[in-house]
Every structure is written in structure tokens, then in C-alpha cells.
Amino acid sequence: MSDFSRSLLRPGGYRSLPYAVLGAALTVPVAPFAVPWALLSPAGRPRVLLALVSLAVLLGLLGLLRPVRRFGIAAANGLLGTSLPSPGRARPAWPDRLRSGAWLVLHAGFGGLLVVVDCLLLFGVFSVAMWLRGDQDEFSFFGAKAVAGAWTLPASLVMPAAALLVTAAATRAFRAGATALLGPSAAERAALAERRAAVLAQRNRLARELHDSIGHTLTTSTIQAAAAAGLAETGPAQARGALGTIEEASRSALEDLDHVLGLLRDEPAAKEPQRTLAEVDVLAVRAREAGLDVRPAVAGRSPRCRPRCRGRATGSSRRA
């Protein structure tokens, strides 16, 4: 079974119908500017053709606007199921704007045509109802005239099936056209690759920082836990101090972990840790308690250390 045959069995294969309705609706804002101009033209000219040409020109000019390109990509992804990348906030180049204008014209034109064709193909459903009620008179539907009769019964089966085939084929055509005209150009691909590289570099940096932070916290907690176990009977005060260090280090590590994971998920953390220079002494104390020989040196005006930091630093120097 081919891809087209499988698409007939999936509801997603008929996405072109709502997309076509949207395309036909896009002509409404510009129609008041195109139709009156054609009606005021000399009587000898084909006014319908002039109206269509002026409508296409106005739609093409509208498609040059930057928001219209973003809207077209969002509509194609949402209604057709494509996966076109967003152009972002960068200003599109003129070739990309021209492609967007061309696609807006094609979207509106073929969208309106598909709506009319589907309505005409569904003509058989209404005609068979008239035949069943015994109406043999001539009737018209969207300009098509016919006489109800026995032919309406097979037509009611064939014409809806033809409407499904046309709609499914239009879905594939719309997807191909949207990918070709709304897809990223070489410049947009390069900009997208740069944005992805920047995001990956930031995430790698955050991963390294998280590894260093959690690794230092686990090292400190392990050493303090061993010290607390050894001092549980001989030095209860020192054991309680070691347990307090483990508690504070674990709480700080959880804040860092929540913050970094929120950045990786593009979700802000509930409580973002605020690190200032006042935390330098705390960091030095933790490093010394982990067994490192750390001697911080601050040039200029030193930030005021928190009281608990001074007390712990003093206790640490006494133990040393």
C-alpha cells in the first residue's frame, strides 16, 4: 500500500480542507480593496479577471510582511502537520519574503478552489435526497443545473468518494508547497544552526557547573558524615556542627539542582539561588571542612560575612 493510499485511511490525510478554508478566509481583508477597483474599470474589460489579479497582487504584497511569514509557518504546522522551523525574531531576507508572498497567493487561490470543488462533488448527496422525495424538476447547485433521477443514486456514492480523493491529494500538495516556499533558506538554516549551537554550549556549561557543584557537595557531605560518626560519642558538639554542615550543603545543592534543571527545561525554578560575594567565606569554610587548604584573599572592600559564617569559620580555625 502506497503512502497516498494509507493517507486515505487516516484523518490527518484530509487536513487540507480546514487549511483551504483558512486560505479562502485570508482573501476577506483585502477583497474590499480589490473588488471595487475592478468594478470601476471600463465595461469592456473582464472585471472578474481584474478582480482576481488585483486580489492576487494585494495578497502577494501582504505576504511580504514579516509577521505573515511567521503566521504561515504556524498555520502549516498546526493544520497540515508539517514540522517547519520557526523563523524566530530575525528579519527575513527579501527572497524569503517573496517566497512567503507567493505562498500566500497560492494558499488563498487553491484553498478557495478546493472549497468550491468539494462543494460541487458533494452535489450528489443533495441530489439523491431530491430524487428520493420524487422531485424530477430541474434544479441548480452552485450554478450547476441537472434533473433529479436514477443517476443520483450512484452519484451520491461516487462524488463523495471523489471529494475525499481530491482533499487527500490536496493535503499532500499543500504540504509540499508549504515546505518548498515556507521552509528555511540557507541563511535561515545557518542562523538556526547557530542558535542550536549556542543552546547546546549553554547546556554543556550548565552541566559542567552542576557536576562540579554536586560533586563538591557530595564530597563535603561524605567527609562531614564520617567526622560526625567518629565524634558522635566523644564530641557531640562537633558532631552536631558536622551534621549542620551536611544539612546546609545539601539544601544549597538542591537549590542549584532545581535552578539548573529549570534552565535545561526552559522552566524557571520556583526559587532561584542568589549567589553574592558574601558567600565567599562560606565557600572557603566548606572547602576547608572538606580537607582542602583554602586561604581566600579579597581585594578592595570585603563583603560583610553572615554571622553564622563567622562562627563556623572561627570554629574551623580552632579545630585546625
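The values are calculated or read from the model by the stated rules, or taken from the named source; none is laboratory data. Being a predicted model, the structure only gives us computed values, none of them experimental. Methodologically, a virtual Cβ is constructed for each residue, glycine included, from the backbone with ideal geometry; neighbour enumeration extends over all protein chains shown.
Would you call Ala51 modelled with pLDDT of 80 or more and assigned by TED's automatic domain parsing to the domain that holds Phe110? Let's see the steps before the verdict.
On the way: modelled with pLDDT of 80 or more: yes; assigned by TED's automatic domain parsing to the domain that holds Phe110: yes.
Criteria met by Ala51.
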For Ala176, are the conditions met, namely being exposed (fewer than 15 other Cβ atoms within 10 Å of the Cβ) and without any contact (Cβ under 8 Å) to a residue 24 or more places away in the chain? yes
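Conditions tested, residue by residue: (1) over 21 Å from the mean Cα position of the chain (by Cα); (2) assigned by TED's automatic domain parsing to the domain that holds Val53; (3) of a type in the set (Gly, Ala, Ser).
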| site | (1), (2), (3) |
| --- | --- |
| Ser83 | no, yes, yes |
| Ser86 | no, yes, yes |
| Ala90 | no, yes, yes |
| Ala93 | yes, yes, yes |
| Asp96 | no, yes, no |
| Gly101 | yes, yes, yes |
| His107 | yes, yes, no |
| Phe110 | yes, yes, no |
| Val115 | yes, yes, no |
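Identify, from the list Leu218, Leu206, the residue that is without any contact (Cβ under 8 Å) to a residue 60 or more places away in the chain and over 24 Å from the mean Cα position of the chain (by Cα).
On the way: Leu206 fails: over 24 Å from the mean Cα position of the chain (by Cα).
Among Leu218, Leu206, only Leu218 is without any contact (Cβ under 8 Å) to a residue 60 or more places away in the chain and over 24 Å from the mean Cα position of the chain (by Cα).
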The helices (runs of 4 or more DSSP H) lying entirely within the stretch 13-118 that contain at least 2 residues which are crowded, with 20+ Cβ neighbours inside 10 Å are 16-25, 47-62, 66-75
From the option list Leu165, Leu182, single residue qualifying as under 24 Å from Gly109 (Cα atoms), at pLDDT 85 or above and surrounded by fewer than 16 Cβ atoms within 10 Å (Cβ to Cβ) is Leu165
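When residues of the stretch 134-162 are filtered for being aromatic (Phe, Trp, Tyr) and modelled with pLDDT of 80 or more, how many remain? Break it down into steps so the answer makes sense when it comes.
Step one: of the stretch 134-162, the residues aromatic (Phe, Trp, Tyr) are 139, 141-142, 151.
Pick out the ones that are also modelled with pLDDT of 80 or more and you get none.
Summing the residues that are aromatic (Phe, Trp, Tyr) and modelled with pLDDT of 80 or more in the stretch 134-162 gives 0.
Looking only at the stretch 78-101, count every residue that is without any contact (Cβ under 8 Å) to a residue 40 or more places away in the chain and within 11 Å of Gly183 (Cα to Cα) and tell me the total.
So the first thing to find is which residues in the stretch 78-101 are without any contact (Cβ under 8 Å) to a residue 40 or more places away in the chain, and the list is 78, 83, 86, 89, 91, 94, 97-98.
Then drop every residue that is not within 11 Å of Gly183 (Cα to Cα), which leaves 83, 86.
Number of matching residues: 2.
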Only one of (1) part of a loop (DSSP other than H, G, I, E, B); (2) at pLDDT 75 or above; (3) not basic (Lys, Arg) does not apply to Ala242, and that is (1)
